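*Asks:* Structure incoming, see below.
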């Protein structure tokens, strides 16, 4: 290992200015992009990385050739030799500095968090409240950066970057070999193709933007001049440009391969590089994860270091075309950059203004830089016989075209930037809870209230937490008897469907009998209101609305049937058909749609079976009868429709199904807890939460009674789910569901008559002390994703 490291250091020292290219491109942002791509697509986007590195090589070659032949720098050369050059040069300086400074604080925050998470791997007793430790680490790092910047010149800066890049390169490459994906998969990734999934095309463009960093090409002539290279070093410059681009490809590819080998093959996906801590550790062990975090930290520092000096370097370039690291202006602007680097650690979040400024700078700066380099590299009076040839010009033209595509996507993103913020204030995300005001099971004392009421519907906007816009609609027929999916919210958020499984027996007010009513409740505009009631089969229980909002399924528990309804956007419902699927004694409890609406899972609670059905042309057909655990109750498809989870309420287990077009097969059975009443899968499909009553609804003198119940959190790993956390909760947790953003879990307590929110953080459910009271004991809680 020492020999390998020594050779790598010698190679990097021989490269020179190309090392700055790695500093400007392989930061924590690009590490995050590579980790996300590797976990989501495996090695399928390796060709995009290769292409973007080729473009970077072309542009570094063009910038370097111009500098060595003309003796000019990019910014100063633009100012002196191009029409309108002063304005163009200023635009380049402002655009690059704005974009880099906006990125700087995020890099510092993520690097500091990576270091702290690495420490927590080996010192679990460290506080989970990361704010002050991360801020302290960030401040220490920026003081160190400033000290290095204060005392150094070009040669010193180059050596510092060599150290950082050596560490990050070795860390990621060694991590990759721990979980190396198959050679065939790596080779297949070099074949151009875009995965047929949402967001893949955008990620392709983002890859090009991540690697084709504008400061790499703008600063390169200045760095070559500082190193003392001239016309005699043109070939060495070409080697340097190639080596820099090649190292970018190797290091970034190693990150992608690490995520692909450890996560993609197991069906795991990450959206943030620090998520790798919790998903990679069970696969590769804490030492491999710590090595990955060391690489992440080094990637951050290798970017922070050159970014801190980008403003004074470009200003010096504009003024006199020289690399000046000893001036007072250099030190003042580096100090300003170091202070800006502390913004996110201080605020604890990325400011919206910084996000907007970063996007704006990306819109115009890269195409401008490429266009300027193209003109300068072809200027006869500067380049003479060394002007760019057909091959180099073709490369720059193609790179320019790609930069325009990225700019278009950036503009499109900016146009839509405020739309989510606007929608957040005008379009709520409803969480709907139905409460039973007739019947109770608290302390095992099952009885009908003397002053029994029909029930109520409680609505709250959970587009943010704590929730807002609370409203309660009384006299909505609802029942605690049945699965906690007796309410469903339409995807357009305009209405909800509520089943009334039971009602008070008119001949004996102390008992309940099955009802037949389904209520349609308008959620907006205006206050909630029942706008329609429909008679269905006996004891309507679980209700589900299709993803497109046009169909609904209702399980009629005492009739052995499933009702199919059509829905309008305003919430008008019409009964299309009722399908007899099982004997009434089978207790049909829930019918769940697949994401595309063409397949249905129907749970037969008392029969221990699940029916896998087709639903085409509004006709339901049973394709397969699946044997599950004891008491299948609730069913839910994964967001991709390739798997599903069944909660077996009596057996205390989960059945995991693999779904194909014609079959549903049990691939795993997971023990969970006593009376696994409800299940919910997060919007991204990575998490599963289960609420277990744990016999809290029994009398206290019953030997099986427990004082507290349980909510269990699972993480998707391959074809199954793995337990990550469990919390004890009070008072008959009737339901547990994710908020639409997947950041919180709401647990509804029938006994406490309240909904409590827990934060999903670092693979744990953490207390928030946010609680909402309900009118009566919750029977079911749902949201629409």
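*Asks:* How do the peptides 248-256, 374-382 rank, highest first, by the average count of neighbouring beta carbon atoms within 10 Å per residue?
*Replies:* Ranking the peptides 248-256, 374-382 by packing returns 248-256, 374-382.
*Asks:* Another question, then. Based on the Cβ-Cβ distance of residue 722 and residue 380, what FRET efficiency does E = 1/(1 + (r/R0)^6) give at R0 = 56 Å, to the nearest 0.05?
*Replies:* So the FRET efficiency works out to roughly 0.30.
*Asks:* Next question, about the same structure. Given the rule -39500 (n - 2.57) for each run of at least 4 DSSP H residues, summed and divided by the residues of the chain, what is its mean residue ellipticity at 222 nm, to the nearest 500 deg cm²/dmol?
*Replies:* -14500 deg cm²/dmol
*Asks:* In whole Å, how far is the Cα centre of region 31-69 from that of region 609-683?
*Replies:* Value for the Cα centre distance between the two parts: 43 Å.
*Asks:* Which value, in Å to one decimal place, does the Kirkwood hydrodynamic radius take for region 427-783 when every pair of different Cα atoms is included?
*Replies:* Radius from the Kirkwood sum: 19.8 Å.
*Asks:* Mind ranking 293-302, 592-601 by how tightly packed they are, going by the mean number of other C-beta atoms within 10 angstrom, highest first?
*Replies:* Taking the mean over residues of other Cβ atoms within 10 Å, the ranking is 293-302, 592-601.
*Asks:* Rounding to the nearest 10 and keeping the result within 0 to 90°, find how far the Cα-based axis of helix 2-15 lies from the longest principal axis of the chain.
*Replies:* 60
*Asks:* Between region 288-309 and region 366-383, what's the alpha-carbon centroid distance in Å?
*Replies:* 33
*Asks:* How much length is gained on full extension from residue 575 to residue 347, taking 0.36 nm per residue of separation minus their Cα-Cα distance?
*Replies:* My answer for the length gained is 76.8 nm.
*Asks:* Would you mind computing, in nm to one decimal, how far apart the modelled labels at residue 234 and residue 442 are, each placed 7 Å from Cα along Cα→Cβ?
*Replies:* Distance between the two pseudo-spin positions: 8.8 nm.
*Asks:* Continuing with this model, one more query. Along the Cα-to-C-beta direction of residue 163, a point sits 7 Å from the Cα; which residues of region 296-333 have their amide N less than 16 Å from that point?
*Replies:* Correct set: 297-306.
*Asks:* Once label points are set 7 Å from the Cα along Cα→Cβ at both residue 54 and residue 650, what is their separation, rounded to one decimal in nm?
*Replies:* Taking the simple label geometry, residue 54 and residue 650 are separated by 6.3 nm.
*Asks:* Given that just one value was derived from the coordinates, which of (i) 35.5; (ii) 59.1; (iii) 51.6 is mean projected area of the Cα convex hull in nm²?
*Replies:* (i)
*Asks:* May I ask you to give the average projected area over all directions of the convex hull of the Cα atoms of region 562-623, in nm² rounded to one decimal?
*Replies:* Approximately 4.5 nm², given one-decimal rounding.
*Asks:* Can you give me the angle between helix 46-70 and the longest principal axis of the chain, using Cα atoms only, in degrees from 0 to 90, rounded to the nearest 10?
*Replies:* Once rounded, one gets 20 degrees.
*Asks:* Moving to a separate point now. Based on the Cβ-Cβ distance from residue 524 to residue 194, what FRET efficiency comes out when R0 is 41 Å, to the nearest 0.05?
*Replies:* Between residue 524 and residue 194 the formula returns 0.60.
*Asks:* Which of the peptides 108-116, 670-678 is most tightly packed, and how do the rest follow, judged by the mean count of other Cβ atoms within 10 Å per residue?
*Replies:* Output ranking for 108-116, 670-678: 108-116, 670-678.
*Asks:* Using Cα atoms only, what is the angle between the long axis of helix 85-122 and the major principal axis of the chain, expressed in degrees (0 to 90) to the nearest 10?
*Replies:* In the chain, helix 85-122 runs at an angle near 60 degrees to the longest axis.
*Asks:* Distance between the C-alpha centers of region 434-489 and region 720-785? Whole Å please.
*Replies:* What the calculation gives is 15 Å, centre to centre.
*Asks:* Follow-up. Neighbouring Cβ atoms within 10 Å as the yardstick, rank 489, 69, 588 fewest first.
*Replies:* Ordered from fewest to most neighbouring Cβ atoms within 10 Å, 489, 69, 588 come out as 69, 489, 588.
*Asks:* What FRET efficiency, computed as 1/(1 + (r/R0)^6) with R0 = 25 Å and r the Cβ-Cβ distance, is obtained for residue 730 and residue 468, rounded to the nearest 0.05?
*Replies:* According to the calculation, E is roughly 0.50.
*Asks:* Can you tell me how much longer the chain between residue 622 and residue 408 gets when fully stretched, taken as 0.36 nm per residue apart minus their C-alpha distance, in nm with one decimal?
*Replies:* That works out to 72.2 nm of additional length.
Bear in mind that the values in this text are calculations on the coordinates, not laboratory data. As the structure is a computational prediction, the values presented were derived from the model and not from experiment. As a convention, Cβ positions derive from the backbone with ideal geometry for all residues, glycine included, and neighbour counts pool all protein chains shown.
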